[in-house]
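Computed from the coordinates by the stated procedures, all read-outs in this text should not be read as laboratory data. All values derive from a computational prediction rather than experimental measurement. A quick note on method: Cβ atoms are made from the backbone with ideal geometry, for glycine too, and the neighbour counts reach across all protein chains shown.
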């Protein structure tokens, strides 16, 4: 056997033995609280479609109309001839919504994060990251060539100690809402440290944008912070807005610098114009239908109260992400499989996505869910926990 094939085979075998092997789901339906998989209907609690906009009729119509006018593909990168009117309009709308002078579209959140960090940071600079940051932030920090330091999760005092002896340009980077724990970063305290140490703060608000804050502008708005406190804001469009892609919002100087220097922006095909047009419609719905955020908040509260009554190991989170800590990867997978047999889709999150010994079920709630569906979720979770080979078996 070829040496590369042999190594790959051994690695895959090891993953299977450790309960870490991953398999894709192939849906035969649109995203929603109910989806079709293999000809069977499932109650879906593993989608990031937090506001239920991915299959909204107006969003679909916005996409369809733009595709008829602009075609399916953008044809080129933004700096060649792939930047169209829907892209421009969306960037202006996102800048206005987030209260920043400009915004810049990227094809994915991963590209946005790595593009920003590798553009802003140079060799000899310093980047400080929360230990539980998303992989794209960690990778971007490592790729940048800057001096890379991680601090314990949400430990502001530890961050201060690490920053104290450091001179030169400093960037502190955190998730607004942590994707696997569902908790929020202590943004006001972090902003205070950055002001005191003459550092910039960058927030990845993929899971807060559209959901948190008085207008849905995200965790930065919810924390009462503005552009001076958070000079670099990144958020994705594929979660609360239900479309695809990402954006970075900030000053004129920041955005122009990224246009000129971010390789992930310069050397990739632009998002399809129809996706940008659909995102504009979704952003408008975010303005018009604030009941979605309110309903989601009520469902989160209902789930947490029910989980507490059932003594389920729900982690500390007020976001749409409600993880149930299990520990063992094989047990997390077994319970996820058991729930699927009962007609519920809930992802088992295992290393390396989360640290060893902290595997969990990652329940995600959506404004498209009903109270009755959340009650069904709680009932089925309780039954699975009671089965002989469940969590404590």
Whole percent per 10 Å bin, from 0 to the bin with the longest distance: what is P(r) over all C-alpha pairs of the stretch 49-162?
11, 27, 33, 19, 9, 1
Quick check: residue separation of residue 318 and residue 88 times 0.36 nm, minus the Cα distance between them. What number comes out in nm?
79.4 nm
As a test, work out the antiparallel percent of DSSP beta bridges whose residues both lie in the stretch 144-251, rounded to the nearest 5.
40 percent
For the chain, what is the relative contact order in percent, using Cα pairs closer than 8 Å and at least 6 residues apart in sequence?
22 percent
Label-point separation in nm, residue 304 to residue 370, each point 7 Å along Cα→Cβ:
2.5 nm
Within 10 Å of each residue's Cβ, count the other Cβ atoms and sort 121, 378, 310 from fewest upward.
310, 378, 121
In square nanometres, what is the average projected area of the Cα convex hull of the stretch 259-315?
7.2 nm²
Hey, with R₀ at 51 Å, roughly what FRET efficiency would residue 196 and residue 341 work out to, going by the Cβ-Cβ distance, to 0.05?
0.40
Taking every DSSP beta bridge that has both residues in the chain, what percent is antiparallel when rounded to the nearest 5?
60 percent
Limiting things to C-alpha atoms, what are the Rg and the maximum Cα-Cα separation (Dmax) for the stretch 1-98, in angstroms?
20.9, 58
By count of other Cβ within 10 Å, fewest leading, how are 87, 287 ordered?
287, 87
Largest first, please: the extent of the C-alpha atoms of the chain along each principal axis, to the nearest Å.
60, 55, 55
Semi-axes in Å, largest first, for the stretch 57-288 (Cα gyration tensor, √(5λ)) are 30, 19, 14
Give me 85, 366, 77 ranked fewest to most by other Cβ atoms within 10 Å of their Cβ, as a rough exposure proxy.
85, 77, 366
Share, in percent, of DSSP beta bridges within the stretch 57-288 that are antiparallel, nearest 5
40 percent
For the chain, with a Gaussian network of springs between Cα atoms less than 10 Å apart, report the residue from 115, 75, 218 with the top mean-square fluctuation.
75
Determine the calculated [θ] at 222 nm for the chain from helices alone, applying -39500 (n - 2.57) to every DSSP H run no shorter than 4 residues and normalising by the residue count; nearest 500 deg cm²/dmol.
-13000 deg cm²/dmol
Suppose each label sits 7 Å from its Cα in the direction of the beta carbon; what would the residue 215-residue 122 distance come out to in nanometres?
3.6 nm
To the nearest 0.05, what FRET efficiency results for residue 147 and residue 252 with a Förster distance of 25 Å applied to their C-beta separation?
0.35
